[in-house]
Amino acid sequence: LEEANAISLRARCVRVGNMPSDPSLAAGLKEFLNALLPALKLAVREGDAVINTTPDTSGEGALVELRTVREAQHARQNLGGLQYGDKTLTVDWPADYKPLQDDEVRVLMGTGVLGIDGDASNPTGGPREAQMAAAVIAAGAGTQPKDTDATRVVCIANLLSAAELADANEANDCMEDTKEKCESDFGPVEKAMIVRPGEGGKEGEDLMGKMLVLFKEKEDAVKAAKALHGLKFDGRPARCSYASEETYAALDAWMAANRTPLA
C-alpha cells in the first residue's frame, strides 16, 4: 500500500484556494471535508476520504490529499464554489498534477487507491481490467471526449458547485439555462437532467453532480461535447463525456418515480 500511495499521490491531491483567513477554519478544513464528502455522496466508501491537509505558504490555500484518485476527482469536480467561512472556495489540480498512465493503473488495481468498482476486489486484474480502469480514471481527470465514444447523450461534469447542487431550484435553473444554450448553439434537445446527491439509484452513483443532455441527433451531441469541454462556469472548467441512451432512460424513469416536484 505504501508503494501504491506513492505512485498515485500526484493524482490524489487537489488544491483548495481562496481560504478564509481565520486560523481555526484552516485547521478545521480536514474535518469539514470529511463530513461534507459523504454527505454529498462523493465518498467511495465509509471512513475518512481526506488523509491530510497542508496549508501553503501564502495562507490562502491548502493541498488536500485524498485516499483515492476517484475521490480527488469528485472533490475537484464538485466542491468549487462552496462557501467556507466568509470565502467561496476554489478547487483545482495542483501544479504538478498529471493523470495516471495505463501501466501505473495496472499496478494500482486491487490496492484500493483508485476508488473505482473492482479496485479492491481484483488484486490480479488483467490487461482488460486495467484498460477499463484507466478509461474510468481518464474520464474523471477530464480528457477530451472521443468521437468513438459518442452517443446522443452528453454528460457535463463540473457545471455546478456543491452549494448549487444542494439547492433543487438553483440546480433546475442551471439545467434549463444550459439546455436552452445547447438547443440554440448545437441543435434540438429532447430532454435534459441534473443528477443531484442521492438521486438516480445505481445508475446515478457515477453521474452524481453531472448534467445529462439528450440530443435528437448524435452529430449535434458531438458538436456540443467538443464546444463545452473546458468552457468555464464560474471559474470551473466543464468536462464532457458521453453516456448511453439506456443509462439516460433508466435515470429518467427513476426521476419520474422518485423525484419530488419543485415547489
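The values are calculated or read from the model by the stated rules, or taken from the named source; none is laboratory data. Just so you know, these numbers come straight off a predicted model, no measurement behind them. Neighbour counts run over all protein chains shown; Cβ positions are idealised from the backbone, glycine included. The accessibility values were calculated without ligands, DNA or RNA, using every heavy atom of the protein model including side chains. Shrake-Rupley method; radii C 1.70, N 1.55, O 1.52, S 1.80 Å.
Residue pairs whose Cβ atoms lie under 6 Å apart, sitting 6 or more positions apart in sequence or on different chains, and linking a residue in region 79-96 that is within 17 Å of Leu160 (Cβ to Cβ) to a partner that is open to solvent by 70 Å² or more (accessible area, probe 1.4 Å), are Gly80/Thr90; Gly81/Asp234; Asp92/Arg15.
Each row is one residue, and each column tells you yes or no for (1) within 21 Å of Leu82 (Cβ to Cβ); (2) of a type in the set (Phe, Trp, Tyr); (3) in contact with a Leu (Cβ under 8 Å, 6 or more places away or on another chain).
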position: Asn158; (1), (2), (3): yes, no, no
position: Ser161; (1), (2), (3): yes, no, yes
position: Glu164; (1), (2), (3): yes, no, no
position: Asp177; (1), (2), (3): yes, no, no
position: Met193; (1), (2), (3): no, no, yes
position: Gly198; (1), (2), (3): yes, no, no
position: Glu203; (1), (2), (3): no, no, yes
position: Glu219; (1), (2), (3): no, no, no
position: Arg259; (1), (2), (3): no, no, no
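Taken as a whole, region 96-105 holds at least one residue that is aromatic (Phe, Trp, Tyr) and part of a loop (DSSP other than H, G, I, E, B).
If we keep just the residues of region 244-263 that are among the hydrophobic types (A, V, I, L, M, F, W, C) and open to solvent by 50 Å² or more (accessible area, probe 1.4 Å), which is nearest to Glu199 (Cα to Cα)? Looking at the filtered set, the residue picked out is Trp254. Restrict the check to region 32-39 and report whether at least one residue is modelled with pLDDT under 90 and in contact with a Ser or Thr (Cβ under 8 Å, 6 or more places away or on another chain). Among the residues of region 32-39, not one is modelled with pLDDT under 90 and in contact with a Ser or Thr (Cβ under 8 Å, 6 or more places away or on another chain), which makes the answer no.
For beta carbons closer than 6 Å, sequence separation of 6+ or different chains, a first residue in region 163-191 that is farther than 13 Å from Met211 by Cα and a second that is of a type in the set (Lys, Arg) and open to solvent by 60 Å² or more (accessible area, probe 1.4 Å), the qualifying pairs are Phe186/Lys223; Pro188/Lys216; Glu190/Lys216. The residues of region 97-115 that are touching a residue at least 60 places away in the same chain (Cβ under 8 Å) and of a type outside the set (Val, Ile, Thr), listed by number, are Tyr97, Lys98, Pro99, Leu100, Glu104, Leu108, Gly112, Leu114, Gly115. Screening region 75-91 for residues that are open to solvent by 30 Å² or more (accessible area, probe 1.4 Å) and of a type outside the set (Asp, Glu) and picking the one that is modelled with the lowest pLDDT gives Gln83. Among residues that are closer than 23 Å to Leu89 by Cα and among the β-branched types (Val, Ile, Thr), Val195 is included.
Here's the yes/no breakdown for (1) open to solvent by less than 50 Å² (accessible area, probe 1.4 Å); (2) at pLDDT 90 or above; (3) over 24 Å from Gly230 (Cα atoms):
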residue: Gly110; (1), (2), (3): yes, no, yes
residue: Asn122; (1), (2), (3): yes, no, yes
residue: Ala138; (1), (2), (3): yes, no, no
residue: Ala150; (1), (2), (3): yes, yes, no
residue: Val154; (1), (2), (3): yes, yes, no
residue: Asn158; (1), (2), (3): yes, no, no
residue: Ala168; (1), (2), (3): yes, no, yes
residue: Glu180; (1), (2), (3): no, yes, no
residue: Lys191; (1), (2), (3): no, yes, no
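Could you list all residues from region 46-66 that are over 16 Å from Ala26 (Cα atoms) and open to solvent by 30 Å² or more (accessible area, probe 1.4 Å)? Once the filter is applied, which keeps residues that are over 16 Å from Ala26 (Cα atoms) and open to solvent by 30 Å² or more (accessible area, probe 1.4 Å), region 46-66 yields Glu46, Gly47, Asp48. Scanning region 200-243 for residues that are charged (D, E, K, R) and open to solvent by less than 50 Å² (accessible area, probe 1.4 Å), we see that the one that is farthest from Pro188 (Cα to Cα) is Arg236.
Among residues that are out of contact with any Ser or Thr (no Cβ under 7 Å at 6 or more places or on another chain) and in contact (Cβ under 8 Å) with a residue 60 or more places away in the chain, Glu199 is included. Residue check, Asn18 against (1) open to solvent by less than 70 Å² (accessible area, probe 1.4 Å); (2) under 28 Å from Gly110 (Cβ atoms); (3) in contact with a Ser or Thr (Cβ under 7 Å, 6 or more places away or on another chain); (4) not small (Gly, Ala, Ser), all met but one. Which one? If we test Asn18 against (1) open to solvent by less than 70 Å² (accessible area, probe 1.4 Å); (2) under 28 Å from Gly110 (Cβ atoms); (3) in contact with a Ser or Thr (Cβ under 7 Å, 6 or more places away or on another chain); (4) not small (Gly, Ala, Ser), just (2) comes out false.
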